[in-house]
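Here the structure comes first, spelled out in structure tokens, and everything after it is commentary.
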Amino acid sequence: MRTSRRLILASTSIYRRELLERLRMPFDVAAPDVDETPADSEPPGALAQRLAWAKARSVAQLHPDAVVIGSDQVADLNGEAVGKPGDHPGAVRQLRAMSGRQVVFHTAVSVVCVASGFAASDVARVTVTFRSLGDDEIERYLQVERPYDCAGSAKSETLGIALLQSVESDDPTALIGLPLIRTCTLLRLAGLDPLGPTHP
């Protein structure tokens, strides 16, 4: 049964906000207060899951009656976490390192409601094979997209798709930043059904 609980996305990411808007459910956005520094020797997948939990719980503690979504994405290159590049030189280094190689993007989502005691999490893994990239291609791509806030510098929903040879995933929006199939599953378990009777 769908409840009337408020839905909050614990994220400042425009990409996650745009993805959640696809479900046509009213929601608010709140910035989580979370230190995203990886722990020593923390595997990329574990880092993504820990941060998704931390973001959801950080906001849920402030809004105990709400259903809160937290999410995080970490790229995994041979067991090493690849985060957001932050600037142009960082993005160049990332794309050179990933050129011609497979990278696994771990996109975790957590849903928490303090009032109901609900808390659940899942992670989507997307295997991406990059083409062999020349420096001129990398430079042209970065000048157009400037994906300095994207894990692994790969903005696949736009020109970044031209960097890739293949993508393997069972949750197609996971690579962009929020696995909507898993998100819908967790929301239904929390009592918010995107296709429920009160859907606009």
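The values are calculated or read from the model by the stated rules, or taken from the named source; none is laboratory data. Since we're looking at a predicted model, the values are computed, not measured. Quick reminder, even Gly has a Cβ in these numbers, built from the backbone with ideal geometry, and neighbours come from all protein chains shown.
General remarks:
- Listed by first and then second residue, the pairs with beta-carbon distance under 7 Å, at least 6 apart or on different chains, first residue in the stretch 18-46 and among the hydrophobic types (A, V, I, L, M, F, W, C), second in a strand (DSSP E or B), are LEU20/LEU9; MET25/LEU7; PHE27/LEU7; PHE27/ILE8; PHE27/LEU9; VAL29/LEU9; ALA30/ILE8; ALA30/ALA10.
- Entry remark, the stretch 161-200: residues being in contact with a strand residue (DSSP E or B) (Cβ under 6 Å, 6 or more places away or on another chain) and in a loop (DSSP other than H, G, I, E, B) number 8 in total.
- Whichever residue in the stretch 61-93 is modelled with pLDDT under 95 and polar (S, T, N, Q) and, among such residues, is farthest from PHE130 (Cα to Cα): GLN73
- Within the set ALA56, ALA52, ALA75, ALA60, the sole residue that is in a strand (DSSP E or B), at negative phi and surrounded by 19 or more Cβ atoms within 10 Å (Cβ to Cβ) turns out to be ALA75.
- Pairing residues of the stretch 108-121 that are closer than 22 Å to PRO43 by Cα and at pLDDT 95 or above with residues that are assigned to a loop (DSSP other than H, G, I, E, B) and of a type outside the set (Phe, Trp, Tyr), at Cβ distances under 7 Å and at least 6 apart in sequence or on separate chains, gives VAL109/LEU178; VAL109/PRO179.
- Considering the stretch 78-119, and only residues there that are within 30 Å of ARG6 (Cβ to Cβ) and among the β-branched types (Val, Ile, Thr), the residue that is surrounded by the most Cβ atoms within 10 Å (Cβ to Cβ) turns out to be VAL109.
- Qualifying residues in the stretch 120-153 (those that are among the aliphatic types (A, V, I, L, M) and under 30 Å from ARG5 (Cα atoms)) - the one surrounded by the fewest Cβ atoms within 10 Å (Cβ to Cβ): ALA120
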